[in-house]
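These notes are about the structure you will find just below.
The values are calculated or read from the model by the stated rules, or taken from the named source; none is laboratory data. A quick note: this is a predicted structure, and the numbers were derived from the prediction, not measured. Methodologically, a virtual Cβ is constructed for each residue, glycine included, from the backbone with ideal geometry; neighbour enumeration extends over all protein chains shown. All accessible areas refer to the heavy atoms of the entire protein, side chains included, with ligands and DNA or RNA removed. Shrake-Rupley method; radii C 1.70, N 1.55, O 1.52, S 1.80 Å.
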Amino acid sequence: MVAGASLRIVFFGTPEFALPTLDALLESRHPVVGVVTQPDRPRGRGQKTSDAPVKSRAMAAGVPILQPERIKDAPFMDALAALRADLGVVAAYGKILTDAVLAMPRLGMINVHASLLPRHRGAAPVHRAVIEGELETGVTIMRVVKALDAGPMLAAARRPIGPDETSDEVERDLARLGAPLLVSCVDQLAAGCATETPQDDASATYAHRLKKEDGVIDWSLPAARVHNLVRGLHPWPHAFTFVSGTRLIVRRTEKVSEKVSDTSDTLSGTILLAAGDDLVVATGDGALRIREIQAEGRRPMTVREFLAGHRLVPGDRCTAAP
């Protein structure tokens with residue numbers, strides 16, 4: 001068993017992904033002396049200002065909360081220093097930390113990153129892994145340094161990516177996987193026995209932040225590529241296409257195992273079937289079945305529900321622009 005004194009932890013995090021790590025720390029022998037989270041923002045369809053998940057959990061636990069608009073501001077730095085933290089823990093905080101913040105805790109700061117580093121450094125590692133059709137991903141505990149996600153690694157854990165899993169499903173599981181791994185690393189740092197392995201910078205790839213326009217579907221791509229885009233962009237920003245000028249959000253798809261028709265001379269994006277539970281679209285190498293779809297401003301629907309109120313027929317085209 002790893003021994004050593006308990007460490008005073010300051011936790012940096014904001015969304016749902018950070019909750020399992022915060023919970024694991026709150027249940028550990030290491031006191032969480034403060035939580036730094038992003039300022040309250042308008043959320044949801046109504047754009048009402050509400051507390052982010054980490055803030056809500058910290059309030060329930062009675063942990064002091066800091067929500068700086070600018071982490072360079074003197075009042076925040078003074079409040080951070082007053083916590084006398086031994087170690088900072090970061091899990092999806094959402095802002096780049098300054099050198100002064102990184103140097104504040106006595107033992108520096110470590111981060112829960114949702115990829116197997118050095119692959120997929122950056123803001124959207126889970127989404128990019130799913131979009132690229134990767135069969136495996138994982139979570140890495142790394143030291144935070146000035147360069148983006150480039151610090152030495154303390155531990156990693158792997159998990160497969162299922163062929164139909166969406167990014168939110170994978171991310172939720174990685175959050176649970178990373179929490180005990182992080183606490184184990186904190187225990188090792190407390191005992192002075194942590195091992196830090198440098199990353200191979202030459203093997204690094206970058207998972208750039210998602211934009212709404214990333215969701216446009218190019219039906220000339222192979223069916224597997226389109227399927228991966230749909231599940232990788234779920235739950236945001238979602239893949240989308242246009243039919244007769246109307247934007248449709250494609251929420252769930254599946255690969256077509258049976259032969260629908262001869263698609264060799266069919267333009268990609270052409271609707272091949274549109275009846276009952278079947279909405280099948282030609283792709284660059286075959287076809288893809290849509291399982292869940294959403295008209296802009298409406299609720300998500302099964303294909304059967306959608307076709308009952310929207311006229312689509314074989315021969316209609318799905319396009320990348322209105």
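Give the shape of the stretch 1-112 as rounded, prolate or oblate, defined through the alpha-carbon gyration tensor: a ≥ b ≥ c are the square roots of its eigenvalues, a/c under 1.5 means rounded, and otherwise the shape is prolate if a/b is larger than b/c and oblate if not.
oblate
Under 8 Å for C-alpha pairs, at least 6 residues apart: give me the relative contact order for the chain, rounded to a whole percent.
Reported as a whole number, the value is 14 percent.
Of all the stretches in the chain, which is the longest one without any exposed loop site, taking GluC sites (Glu not before Pro) in a DSSP loop (any state but H, G, I, E, B) with at most 11 other Cβ atoms within 10 Å?
70-257
Taking Cα extents along the principal axes in Å straight from the coordinates, which label in [x] 68, 41, 30; [y] 49, 44, 28; [z] 100, 40, 32 is the correct one?
Recomputing Cα extents along the principal axes in Å here picks out [x].
Per 0.36 nm of contour for each residue apart, how much would the distance between R29 and T197 grow if the chain were fully extended, relative to their Cα-Cα spacing?
Extra length available between R29 and T197 comes to 57.9 nm.
Between F76, L177, P152, whose Cα lies farthest towards the positive end of the dipole of the chain when Lys and Arg beta carbons carry +1 and Asp and Glu beta carbons carry -1, centred on the Cα centre?
The residue sitting most towards the positive pole is F76.
Need one number: nm distance between label points at K211 and D285, each 7 Å from Cα along Cα→Cβ, rounded to one decimal.
About 2.8 nm separates the two model spin labels.
Work through the residues other than D86 whose Cβ is under 12 Å from its Cβ and net out their charges, Lys, Arg +1 and Asp, Glu -1.
+3
So which lysines can K55 reach, going by Cα to Cα under 18 Å and dropping same-chain residues fewer than 8 places off?
K95
For a Förster distance of 22 Å, can you work out the FRET efficiency between the beta-carbons of I65 and K95, rounded to the nearest 0.05?
0.90
At 1.4 Å probe radius, can you tell me the per residue accessible area of the stretch 131-210 in Å²?
49 Å²
With the contact rule set at Cα under 8 Å and sequence spacing of 6 or more, what percent relative contact order holds for the stretch 180-265?
Relative contact order of the stretch 180-265: 20 percent.
With charges only on Cβ, +1 for K and R and -1 for D and E, what is the dipole size of the chain about its Cα centre, in debye, rounded to 20?
800 debye
Sort 154-163, 101-110, 313-322 for me by packing, meaning the mean count of neighbouring Cβ atoms within 10 Å per residue, highest on top.
101-110, 154-163, 313-322
Through the Karplus equation 6.51 cos²θ - 1.76 cosθ + 1.60, θ set to phi - 60°, convert the phi angles of the stretch 14-30 into ³J(HN,Hα) values in whole Hz; use x for Gly and Pro.
Coupling constants for the stretch 14-30: 9, x, 4, 4, 7, 4, x, 5, 4, 4, 5, 5, 5, 8, 8, 7, 9 Hz.
In nanometres, what is the gap between the two model label sites at V313 and D277, each 7 Å from Cα along Cα-to-Cβ?
With each label placed 7 Å out from Cα toward Cβ, I get 2.6 nm.
Pop out the ³J(HN,Hα) list for the stretch 193-201 in order, Karplus 6.51 cos²θ - 1.76 cosθ + 1.60 with θ = phi - 60°, rounded to Hz; leave Gly and Pro as x.
In residue order, the calculated couplings are 10, 6, 10, 10, 10, x, 7, 8, 4 Hz.
Looking at the square roots a ≥ b ≥ c of the eigenvalues of the Cα gyration tensor of the stretch 47-126, which shape do they give, rounded for a/c under 1.5, prolate if a/b is larger than b/c, or oblate?
It is oblate, given that a/c is not under 1.5 and a/b is not larger than b/c.
When the Cα centres of the stretch 260-322 and the stretch 135-201 are compared, how far apart do they sit, in Å?
So the two Cα centres are separated by 39 Å.
Among 267-280, 117-130, how do they line up from the highest to the lowest mean number of other beta-carbon atoms within 10 Å?
Order by mean packing, descending: 117-130, 267-280.
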